[in-house]
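Written out below as structure tokens is the structure these notes cover.
The values are calculated or read from the model by the stated rules, or taken from the named source; none is laboratory data. These numbers were taken from a predicted model, which means no experiment stands behind them. Every residue, glycine as well, gets a Cβ built from its backbone with ideal geometry; the counts of neighbours run over all protein chains shown. Areas reflect the complete protein model, heavy atoms only, side chains present, ligands, DNA and RNA absent. Shrake-Rupley method; radii C 1.70, N 1.55, O 1.52, S 1.80 Å.
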Amino acid sequence: MAVEIKYVVVRKGEEKMTFASKKEADAYDKMLDMAEVFSDWLSVAPLTIEEEQREALGMFLAENKDAVQHILRTSKLPEGTDVVSEVNESAPLAEHHEEVAESEEADDAVEVEKAEVFAKAARPSRASKAA
């Protein structure tokens, strides 16, 4: 009989992910904490964002924390601006890439608009500059 040790990350009573090592489980748990903080922070932003979108954006920022830190330090995109995104493991990779390619064109316009709104919200208003 074999004995296996598994580390399970549980959030709000729901199993999120299972890991073979404590270190991996702790890193994932920390990323979920960061995603929750980002989501909470976005809820007080002067934007109207659905809760589901806030949570997805919070998770995206947490998954790409190294790129976010680089952008904040240098005001430039990091070299090789690949982003981390979850791939549906049940679907073959080629199918995933086809789905992404089809949806990217539609999403590009939305992403540009979101970026512009986010940039405007981040800039101080003229009234606060005058004060």
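In table form, for the structure just shown:
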| read-out | value |
| --- | --- |
| In region 28-52, the residues that are open to solvent by 100 Å² or more (accessible area, probe 1.4 Å) and within 17 Å of Val68 (Cα to Cα) | Lys30, Trp41 |
| Subset of region 53-73 that is farther than 15 Å from Arg11 by Cβ and small (Gly, Ala, Ser) - its residue that is least open to solvent (accessible area, probe 1.4 Å) | Ala67 |
| Members of region 1-24 that are in a loop (DSSP other than H, G, I, E, B) and β-branched (Val, Ile, Thr) | Val3, Ile5 |
| Answer from Lys6, Lys30 - the residue that is at pLDDT 90 or above, farther than 20 Å from Glu63 by Cα and among the basic types (Lys, Arg) | Lys6 |
